[in-house]
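Chemist: The structure under discussion is supplied below as structure tokens; questions concerning it will follow.
A short reminder: the numbers here are calculations on the coordinates, not readings from a lab. Since the model is a prediction, treat every value here as computed from it, not as a measurement. Positions of Cβ are backbone-derived with ideal geometry, glycine not excepted, and every protein chain shown enters the neighbour counts.
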Amino acid sequence: MKAEVKRFWEVDFLRGLAVILMISYHAIYDLAYFRTFHVDMSTSFWFILPRMIASTFILLAGASLALSYSRARETLTGNRLLVKYLRRGAWIFSWGLLVTAVTWIFIRQDYVSFGILHFVGVSIILAYPFLRMRYAGLALGVLFIALGMLLQNVYIDSPWLVWLGITPKDFHSVDYFPLLPWFGVVLVGIFMGNTLYPDHKRRISLPDMSTDPMIASFCFIGKNSLFLYLIHQPLLIALLYALGALDISPLLSGL
């Protein structure tokens, strides 16, 4: 019988909370994007909120990588350990390619060329050499974040560095997470995971709240965050359309 993987309820809870906030934000974003009602998404609140949600996801992704690595080292070594992360990264990146294809068909002018799934997939692979680091990884993370901020106003005429964070001036995408600065956030998350959960053990004692119905519901959502991410936008658009709150004719016009 396969041994049950030890999970930390607080990590799943925070990820579940981030999923709920993401879905709520995307419901408003969809209504604004399809011009059902006017919401100025460029105001400070609507600018900061999605970045806070994304930062939570990505910090937790980095922390989860550190937890996964410390657990995997107990049974895997050498190339087998590396292959585990190569496969996982490629698997998530492949879902990103599906998102690219779907958005290219339906919203070509704003399609997703390097979104959160592309980013997470690549980051899982790139993070492998850093998974045992603490302060060196933290320093590199801060450096990459700073570099990303410096690149915000750097533009080139070619789209070939979009993945890095350097875009054409007229670049638009409904979902864009370049390696700079966001890979820096992953490294900060790895530092957090290695600091708070060394050797897959919780450093700070917490009461077990995983059996509380509300907590358990959020944890369930957090455990299934990839699946929910993949289905939430089609379901949101279908629901808003069924409620008469969304005109999807712009989506269908390109078919």
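Chemist: Any idea what angle helix 225-242 forms with the longest principal axis of the chain, computed on alpha-carbon atoms, 0 to 90 degrees, nearest 10?
Modeler: Taking the Cα atoms of the chain, the angle to 225-242 is about 20 degrees.
Chemist: Now a separate question. If packing is taken as the average number of other Cβ atoms within 10 Å across a peptide's residues, how do 192-204, 124-136 rank, most packed first?
Modeler: Descending packing order for the listed peptides: 124-136, 192-204.
Chemist: Excluding residues on the same chain fewer than 8 positions from residue 223, give the aspartates and glutamates whose Cα lies under 18 Å from its Cα.
Modeler: 4, 10, 12, 208, 212
Chemist: At 1.306 mPa s and 10 °C, plugging the Kirkwood radius over alpha-carbon pairs of the range 1-142 into Stokes-Einstein gives what diffusion coefficient in µm²/s?
Modeler: 91 µm²/s
Chemist: How much length, in nm to one decimal, is gained on full extension between residue 199 and residue 235, taken as 0.36 nm per residue of separation minus their Cα-Cα distance?
Modeler: Stretched fully, the residue 199-residue 235 segment lengthens by 9.0 nm.
Chemist: Next up: How far apart, in nm, are the 7 Å Cα→Cβ label points at residue 208 and residue 51?
Modeler: Inter-label distance under the simple model: 4.1 nm.
Chemist: Would the range 116-255 count as rounded, prolate or oblate if I go by the C-alpha gyration tensor, calling it rounded below 1.5 in a/c and otherwise prolate when a/b exceeds b/c, oblate otherwise?
Modeler: It comes out oblate by the Cα gyration axes.
Chemist: Stick to Cα atoms and the Kirkwood definition of Rh, then tell me Rg/Rh for the chain.
Modeler: 0.98
Chemist: On to the next question. What's the magnitude of the charge dipole for the range 165-255 around its Cα centre, counting Lys and Arg as +1 and Asp and Glu as -1 at the beta-carbon? Answer in Debye, nearest 20.
Modeler: 300 debye
Chemist: So if we plug the beta-carbon distance of residue 171 and residue 98 into 1/(1 + (r/R0)^6) with R0 = 30 Å, what FRET efficiency do we get, rounded to 0.05?
Modeler: 0.90
Chemist: Can you list the residues, at least 5 places off or on another chain, whose amide H is less than 5 Å from the amide H of residue 167, using H built in the peptide plane?
Modeler: So residue 167 has HN proximity to 156.
Chemist: Considering the options 232, 204, 181, tell which one lies farthest towards the positive end of the dipole of the range 176-255, charges being +1 on Lys and Arg and -1 on Asp and Glu at the Cβ, about the Cα centre.
Modeler: Among 232, 204, 181, the one farthest towards the positive end of the dipole of the range 176-255 is 204.
Chemist: Which chymotrypsin sites (Phe, Trp or Tyr not before Pro) does the range 30-82 hold that lie in a coil by DSSP with at most 12 other beta carbons within 10 Å?
Modeler: Answer in residue order: 37.
Chemist: Separate question: Given a cut-off of under 8 Å on Cα pairs at least six residues apart, what relative contact order in percent is computed for the range 108-193?
Modeler: Once divided by the residue count of the range 108-193, the mean separation gives 46 percent.
Chemist: Next question, about the same structure. With each label point set 7 Å from Cα along the Cα-Cβ vector, what nm distance links residue 87 and residue 105?
Modeler: 2.9 nm
Chemist: Under 8 Å for C-alpha pairs, at least 6 residues apart: give me the relative contact order for the range 1-114, rounded to a whole percent.
Modeler: Reported as a whole number, the value is 16 percent.
Chemist: Under a GNM of the chain (C-alpha, springs under 10 Å), which listed residue has the highest mean-square fluctuation: 156, 116, 237?
Modeler: Of the options given, 156 has the highest mean-square fluctuation.
Chemist: Cβ under 15 Å from residue 23's Cβ, residue 23 left aside: what net charge do those residues give with Lys, Arg +1 and Asp, Glu -1?
Modeler: Value of the local net charge: -1.
Chemist: What is the sum of charges around residue 218, taking Lys and Arg as +1, Asp and Glu as -1, for the other residues whose C-beta is under 11 Å from the C-beta of residue 218?
Modeler: In short, -1.
Chemist: Moving to a separate point now. Note down the nm distance, to one decimal, between modelled labels 7 Å out along Cα→Cβ at residue 6 and at residue 216.
Modeler: Going from the residue 6 label point to the residue 216 one covers 2.2 nm.
Chemist: Just to be sure I understand the curve: with the Debye formula and one point per C-alpha of the range 162-231, what is log10 I(q)/I(0) at q = 0.19, 0.20, 0.21 Å⁻¹?
Modeler: -1.02, -1.05, -1.07
Chemist: How far, in degrees from 0 to 90, does helix 213-223 lean away from the longest principal axis of the Cα atoms of the chain, to the nearest 10?
Modeler: Taking the Cα atoms of the chain, the angle to 213-223 is about 80 degrees.
Chemist: Oh, and also: Residue 76 to residue 36: extension gain in nm, 0.36 nm per residue of separation minus the Cα-Cα distance?
Modeler: Fully extending the segment from residue 76 to residue 36 adds 9.2 nm.
Chemist: How much FRET efficiency would the formula 1/(1 + (r/R0)^6) give for residue 223 and residue 154, where r is the Cβ-Cβ distance and R0 is 41 Å, rounded to 0.05?
Modeler: 0.60
Chemist: Taking only Cα atoms, what is the 0 to 90° angle, nearest 10, from helix 78-106's long axis to the longest principal axis of the chain?
Modeler: 10 degrees
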